[in-house]
Amino acid sequence: MTQEAKPLSTPTGSSPIDVEADAIPAIGMGVAQPDEAAALRREEAGADYEVALESLNQWQLAWRKFRHHRLALMGLGILGALIAVAIVGPILWPFDFNSIPKPDQIVYQGRPPSLAHPFGETGGLQRDVLNLVINGARTSLFIGFSSMMLGVLIGTIVGSIAGFLGGVLDNVLMRTVDVFLSIPLLFLILVASRVFGNGNVLLIVVIFAFFSWMGISRLVRSLFLSIREREFVEAARAVGVRDRRIIFRHILPNAISPIVVSASLIVAANIIAEAFVSFLGFGVNPIYPTWGNILSNALTFIPLGNWWWPFFPGLMIILTVLAVNFVGDGLRDALDPRTRA
Amino acid sequence: MTDPTTTSTPAPAAPAPAGSAAAGALEGEEPSTEALEQDWRTSDLPGLPGDAPFVDPGLAVVEGETLLHVTNLKKHFPVLGGLLKKRVATVYAVDGVDFDVRKGEIFSLVGESGCGKTTLGRTVLRLIEPTAGTIRFGSADVTKMKSAELRRLRSKMQIVFQDPFGSLNPRMPVSDIIGEGLIAQGLGDRKERDKRVGDALEAVGLRRDYTRRYPHEFSGGQRQRIGVARALALEPEFIVLDEPVSALDVSIQSQVLNLLLDLRKDFDLTYLFISHNLSVIEYVSDRVGVMYLGQIVELSSSEELYRSPRHPYTLALLSAIPDPDPRRRRRRLVLKGDVPSPVNPPAGCHFHTRCWLREQLGDPEQCVAQEPELREIGPGHRVKCHFAEQVSPTKAAEFASAHSPVEMAAADA
Amino acid sequence: MTAQGSVEEIAVTIAERPAGTPPDESILLDVRGLQTHFHVMDGTVRAVDGVNFSVPRGGTVGLVGESACGKSVTALTIMRLLDIPPAEIVGGEVWFDGTEILGLPEDEMRHLRGNDIAMIFQEPLTSLNPVFTVGDQIAEQVRLHMKVDKKEAIDRSIESLRLVGIPSPEQRIKQYPHEMSGGMRQRVMIAMALSCEPKLLIADEPTTALDVTIQAQILELLKSVQARTKSALMLITHDLGVVAEMVDEIVVMYAGQIVEQGTAEQVLTAPTDPYTMGLIESLPNVEKRGGRLSAIKGVVPSPFNLPPGCRFAPRCPYAWDACRTTSPELVPAGGPGQRARCLLHTPAGAARRAAMLDTAASGGATAGQGA
């Protein structure tokens, strides 16, 4: 009989069960000598010779599953690269809207991609398209992600209140959601951008967030309604846990996966919406490049054959949206507790 | 323990004779006096030589200080319908229940799904608000408590749930699951809490160092132990065990039952044990209440209930238990139809639509017209039936032999 | 069927059978060396690992074991209802009515399912289509497998509902599954399964989701219908009480293997494999009141990491060194035809067994767990 304490999981984590040693009864496991009944109990429980799989929390488990999702991994790579460019690019190579060329240097035609300007140059002010795309990435991604975060925050708060408290408040909030959903959204965004936006990036974020929380709030409400009835919540109540802790420690952590998944889709939708609004000239102040207003400016040059001007920002939008959707898809699988890696 | 009818004692690894010879001698050849003493179930129903004594005077009623006192408890759930969410019907989940649980005993509630036993267990703890009635715990009136008092009470009254997967938060490590009650009750500092969590884990047969693990790393039986540890950490006096072993495999069931019985001894606990499994109930209980459609229809000491059931439903329930000894094949008393909906319980005696005794007595009107009392027919033995005195294995046997099980199953209740 | 008869049958059914040749005429279903694996991300699960058993014509066999022991996968493999992949039938033969069916083309297999082999499941609601009336569903089944017109199919449906004890079947066939109670639905499933008079009925935990009084109804029904139609019955359950009532022969499974087989009486009253003994001893009953139940210690091993040697050894109170290195075979043990997968019944374990019997004899009837 060995007297050695056995490690809980083997360091490699690959062969979690060591049967020979496991079959040895309870004594000498590094715990105070238990009395006979307790020893019997431990033996029955299998505590001393059954060792579970590696100890992983939910995020580690999710990552294990996520890794097996090739498209999601690719999406994550692209998204990571884009975000890095959006952060670092403008610092290394800022967009200088003061660098207006002399009138005699203004040309009507843009220049196609070359070694010096791999994405080509625009017509008119002869700006470098790569520089525009890099600086535009910052604004577009910033708007996409921050409006999502704000929208998810609003949606989660509204949904939590409606789902947890229920009753009249639930009714009022959900009817409000219905009203928001029945408003012709695009029209309102355009009006709001014109009236309140003035091309200010932060205001644009707020406006977008204001119109992207409804889906989340419905989702969160229904999650609250179902998780509230789960036995572990009842168990928490039974030991006297207060509502606040039930919401933040029990319900929200279990609601997080579906929220994350639909949040990823909101990012994609808002990046497209930003491009669209800017394209129509209602978005961010046109002196700051965004992917949308680059496209918009390129519009009149398309008949002249300046394909590179709209192509590269357009490509970026497509890439970003695809990447975000792939990541969302991967998260859906990875966070689904029914599947195990 | 030399009685050959006990299935419990197969010789270890013994290439025992197939046992058919012994089996043949089991029934019918025993002296009738002994058969009288026997549990009525061990005999083939029609062959039972005589009725069990009406009340066994030798059976002492378990006496003790009353810990939980439930009077006329009701829980009605509204069924909402229509656009305006108006109440269109009522589910009479628990409909007027009285019982006491004495200090140190295991009081069991048994019944089929929809009989209200689970709702009753939750209502006693006020996890579900009762519609009417009173619950006294010790000297306190639980029904009148404000939320702060109720929270304090939680450390005295605990619950263990049926589903070992659903009752543990998958996003929480074991230390938080078990320690949460201590935080909520404001008990101890971090160090003391950690120690108590470790103690609770050890008490249920798990290792102290499991605290950083998550529920999905454990098997069903081990999770159920964690659920027990959570209840135990608060050092309660009273625990509601809601189907604590029903979701577990047979071999794990017995481990958890052993654990629960050990803990009762070690920590002076009182249990309200809820189950649909009649064999488990018989093994653990001191006293048993049989529930049917939101009411207790029979209440007695476990021994007496299993030996001489006095409610026609109890008798049918006991007769339905499959017996793992193939040598004891007996004729079964099969009830007709299904349990009626608790939305519309039958008038009078709730059981009259399926009652075999009523049929045998020529359908007396009283069963439909008047709801029977849960009346005392012997010391500590209460039955909710107008004709409890007429219930006997002989009658049941006559009925069972006159009606084929398939015919019974085919009859509309 | 008398106990004596079934003992002889068992002796026949487990006699060595050469691969590739049909079994004796009296055998309806013969499963030989069946191996079914599941390929999942963490590795391969050997869910069914070399299972041999057979069902005589008109006979009743129970497959018993705890969750994940492979009993349901065995049935699904026989029915060829597994999704491949992740499942893979790695080896073995299944002979049904003189034909090897693992190699049958899918359309012939489809004909066989429902016609000759029918299966009923634990949860009847999920196996019935919610948008069709039960009458439509039974009639469709009948018309698929028997060449009859619509009118006759409906008549047959009514007849089969009556057979399973459903009151006023003429009205019931117009109902949808959700309008029926659990017990009623299970009866409809049985009616559907029996509507084509199958030679074999496979029932996978048919009463587990039902209340005890309804379970009693369904068991009585299955018994009487089986006796009337002379179908063979393969009953899969974890409930020892249910098998005791329903079947003549029992196959006990643990971790993908058969650990014991024999007649119901042999297995339940004189078990020879330590796992079976543990299962039976762990059942609570009134005689054990006041004492501890003799529980099987520990938990079922992870299917990804089965112990070397005997799979039950880490939990077995009788295990010794050899058990942890040698994989035991299914060998004759106990009564005639009875077999167990335990080294105690091999020459290597003979001395230990004799010593244990001595202790048992001197130490009273209580089964000594301390070996």
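The values are calculated or read from the model by the stated rules, or taken from the named source; none is laboratory data. What you are looking at is a predicted structure, and each value in this text was computed from that prediction instead of being measured. So basically every Cβ, Gly included, is an ideal-geometry build from the backbone, and we count neighbours across all protein chains shown. These area figures cover heavy atoms from the full protein model, side chains too; ligands, DNA and RNA do not enter into them. Shrake-Rupley method; radii C 1.70, N 1.55, O 1.52, S 1.80 Å.
Data overview
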item	result
Buried area at the B-A interface (accessible, heavy atoms, 1.4 Å probe, summed, Å²)	3800 Å²
Shape call, region C:243-371: gyration tensor on alpha carbons, a/c limit 1.5	rounded
Protection proxy ranking, peptides C:345-356, C:208-219, B:125-136, average beta carbon neighbours within 10 Å, highest first	C:208-219, B:125-136, C:345-356
Within 10 Å of each Cβ in C:40-46, the average number of Cβ atoms from other chains	2
Threshold 50 Å², region B:235-279 residues less accessible with all protein chains present than alone (1.4 Å probe)	B:Asp249, B:Val250, B:Ser251, B:Ser254, B:Gln255, B:Asn258, B:Asp262
Rounded Å value of the spacing that divides the Cα centres of region C:48-67 and region B:85-125	41 Å
Local electrostatic count at B:Lys384 - Lys and Arg +1, Asp and Glu -1, tallied over other residues with Cβ under 12 Å	-3
Computed [θ] at 222 nm, helices only, for chain C once each DSSP H run of length n ≥ 4 contributes -39500 (n - 2.57)	-10000 deg cm²/dmol
Residues whose placed amide H lies under 5 Å from that of A:Glu121, excluding near-sequence neighbours	A:Arg111, A:Val129
Solvent-accessible area per residue for region C:125-243 (1.4 angstrom probe, square angstrom)	38 Å²
For region B:308-412: relative contact order, % (alpha-carbon pairs under 8 angstrom, 6 or more apart)	36 percent
Within the accessible area of region B:267-327 (1.4 Å probe), percent carbon and sulfur	43 percent
Region B:134-191 versus region C:123-189: alpha-carbon centroid distance in Å	48 Å
Relative contact order, percent, chain C [alpha-carbon distance under 8 Å, six or more residues apart]	18 percent
Residues of region A:252-267 buried by at least 30 Å² on assembly (accessible area, 1.4 Å probe, chain alone as reference)	A:Asn254
Exercise: per-residue mean of other protein chain Cβ atoms within 10 Å, C:160-166	3
Chain C - percent of accessible surface contributed by carbon and sulfur, probe 1.4 Å	54 percent
Isotropically averaged projected area of chain C, using the convex hull of Cα atoms (one quarter of hull area), nm²	20.1 nm²
Accessible area (Å², 1.4 Å probe, nearest 10) - A:Asp333	80 Å²
Among the listed pairs C:Lys71/C:Lys230; B:Lys117/B:Lys336; C:Lys71/C:Lys297; B:Lys336/C:Lys230; B:Lys336/C:Lys199; B:Lys75/B:Lys146, those beyond 28 Å (Cα-Cα)	B:Lys336/C:Lys199
Whole-percent carbon and sulfur share, accessible surface of region A:134-239, 1.4 Å	73 percent
Interface area, C with B, accessible, probe 1.4 Å, both sides summed, Å² nearest 100	5600 Å²
Exercise: per-residue mean of other protein chain Cβ atoms within 10 Å, B:169-179	4
Solvent-accessible area buried by C and A, counting both chains, probe 1.4 angstrom, square angstrom	1500 Å²
By average C-beta atoms within 10 angstrom, highest first, the peptides A:254-263, C:234-243	C:234-243, A:254-263
Built amide H within the under 5 Å cut-off of B:Ile296, gap 5+	B:Asp98
